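Working notes for the structure below.
Nothing in this text is a laboratory measurement; each read-out follows from the coordinates by a stated rule. Bear in mind the structure is a predicted one, so any value in this text is a computation, not a measurement. Cβ placement follows ideal geometry from the backbone for every residue including glycine, while neighbour counts extend to all protein chains displayed.
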Amino acid sequence: MTPGSVAARNTVAYRAVHSKIAQTQEQFMAFSLDSKVGEILDNPQARAVLEKHVPMLKSVGESMLSMARPMTLKQVAGFPQAGLSPDKLKAIVDELAKVG
C-alpha cells in the first residue's frame, strides 16, 4: 500500500467519523432562535411545538415550507406574514428549549 493511498483512506475515515459526531451533537443541542426551520420541522416534537404556536403551518404547502427550511427561526420572525410577535416567539423558543 502506498503512502498516498493510506492518507486517502485515513481522510475518508476521518470525514465519516467527524460527520457522525456532528450529527450526534446536533441531536442533543437545544433548539433556539438560531435553529434552522428545517431542523425544527424534522424533529417531530419540535415540529409539534411550532404547529401549536403557529397553527397555519399545518395548512401551508410544502413548497412554502421548503423556502423557510434554510432560514433560522429569527429570520422567519422578521417577516410580518409569519405572525410571530416577540411574546409568541419567546413562548416558542422557551418550549423548544425543553425539546432539544
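Which value results when the Cα radius of gyration for segment 31-99 is divided by 2.2 N^0.38 Å?
Cα-based Rg divided by the globular estimate yields 0.97.
Along Cα→Cβ, 7 Å out, is where each label goes; now give me the distance between the ones at Val99 and Leu65 in nm to one decimal.
The two pseudo-label positions are separated by 1.2 nm.
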